[in-house]
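One structure is given below, encoded as structure tokens.
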Amino acid sequence: RRVLQQLGVTRQVGRVRTTDSSQPHTRYPNRLRDLTVTRLDQAWVADITYLRFGYRFVYLAVILDVYSRAVRGWALSQRLDDDLTLTALRPALQSRQPDVFHSDQGAQYTAHKHVALLHEAKVLVSMSDTGKPTQNALAERFMRTLKEEHVAYAEYDDFDDAYRQLQHW
């Protein structure tokens with residue numbers, strides 16, 4: 001990058017927005033704000049990130065247990081849609097159940113199917129305030145660590161190879 005800059009060759013790298021808070025769905029209060037987590041499955045946090053895959057992107061949704069930092073669910077998709085978060089959430093809820101599920105206010109997390117699945121499982125829905133990623137710091141930090149420790153050094157042959165490598169990590 002330094003050498004290219006010295007030669008005057010630069011390229012803008014596009015950014016991908018994974019949070020769309022402009023949708024009309026119901027938003028929920030931040031129930032983690034004053035919560036002291038003292039046990040497993042008391043609270044889960046979730047986030048979505050993008051991973052550069054050649055000239056395009058793939059999207060990763062992850063659900064973490066706040067107390068143990070364990071991954072409770074995850075999904076990888078070539079599309080950023082409601083199915084991404086549902087694919088991560090359904091198996092997670094089959095094996096365990098949190099008291100609180102916390103995310104940002106993105107369209108995937110406020111979507112009717114996602115919220116209905118949580119309500120059906122009697123899970124309290126919690127969301128960060130608009131524009132406050134620090135209110136979901138655990139999930140944000142996990143994504144940063146994943147990108148720094150794995151994605152930055154990984155080479156994926158295809159989507160299935162990316163899935164296998166992420167599963168192993």
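The values are calculated or read from the model by the stated rules, or taken from the named source; none is laboratory data. Since we're looking at a predicted model, the values are computed, not measured. Ideal geometry is used to build each Cβ from the backbone, glycine not excepted, and the neighbour counts take in all protein chains shown. Quick note on the areas: whole protein, heavy atoms, side chains included, nothing else; ligands and nucleic acids left out. Shrake-Rupley method; radii C 1.70, N 1.55, O 1.52, S 1.80 Å.
Check segment 124-131 and report whether any residue there is in contact with a strand residue (DSSP E or B) (Cβ under 9 Å, 6 or more places away or on another chain), surrounded by fewer than 20 Cβ atoms within 10 Å (Cβ to Cβ) and modelled with pLDDT of 95 or more. Scanning segment 124-131 turns up at least one residue that is in contact with a strand residue (DSSP E or B) (Cβ under 9 Å, 6 or more places away or on another chain), surrounded by fewer than 20 Cβ atoms within 10 Å (Cβ to Cβ) and modelled with pLDDT of 95 or more.
Based on what the data block shows, is V71 open to solvent by less than 80 Å² (accessible area, probe 1.4 Å), over 28 Å from E155 (Cβ atoms) and at pLDDT 95 or above? Here the answer is no, as V71 does not meet what is asked.
Checked against (1) open to solvent by 70 Å² or more (accessible area, probe 1.4 Å); (2) within 14 Å of the chain's Cα centre (by Cα), D65 meets all criteria but (1). Scan segment 29-54 for residues that are part of a strand (DSSP E or B) and either more than 26 Å from Y163 (Cβ to Cβ) or open to solvent by less than 60 Å² (accessible area, probe 1.4 Å) (or both) and the total you get is 10.
Go through (1) farther than 15 Å from D47 by Cβ; (2) free of Cβ contacts under 8 Å to residues at least 12 places away in the same chain; (3) in a helix (DSSP H, G or I) and name the single condition E155 misses. Only one criterion in (1) farther than 15 Å from D47 by Cβ; (2) free of Cβ contacts under 8 Å to residues at least 12 places away in the same chain; (3) in a helix (DSSP H, G or I) is unmet by E155, namely (3). Filtering F57, F142 for residues that are open to solvent by less than 60 Å² (accessible area, probe 1.4 Å), out of contact with any Cys (no Cβ under 6 Å at 6 or more places or on another chain), at pLDDT 95 or above and not in a loop (DSSP other than H, G, I, E, B) leaves a single hit, F142. Could you look through segment 145-168, keep only residues that are loosely packed, with under 14 Cβ neighbours inside 10 Å and of a type in the set (S, T, Y), and pick out the one that is nearest to L93 (Cα to Cα)? That would be T145. Among the residues of segment 100-117, those that are β-branched (V, I, T) and within 11 Å of R27 (Cβ to Cβ) comprise T110, V115. Evaluated against (1) more than 24 Å from P91 (Cβ to Cβ); (2) in contact (Cβ under 8 Å) with a residue 60 or more places away in the chain; (3) among the aromatic types (F, W, Y), Y109 falls short on exactly one condition, (1).
Within segment 65-77, residues that are farther than 15 Å from E140 by Cα reach partners that are of a type in the set (S, T, Y) and open to solvent by 20 Å² or more (accessible area, probe 1.4 Å) with beta carbons closer than 6 Å, at six or more positions or on different chains, in the pairs A75/T87; L76/Y163; S77/Y59. Examine segment 98-107 for a residue that is surrounded by fewer than 22 Cβ atoms within 10 Å (Cβ to Cβ), at pLDDT 95 or above and out of contact with any strand residue (DSSP E or B) (no Cβ under 9 Å at 6 or more places or on another chain), and state whether such a residue exists. Checked against the condition, which is being surrounded by fewer than 22 Cβ atoms within 10 Å (Cβ to Cβ), at pLDDT 95 or above and out of contact with any strand residue (DSSP E or B) (no Cβ under 9 Å at 6 or more places or on another chain), segment 98-107 yields no hits at all.
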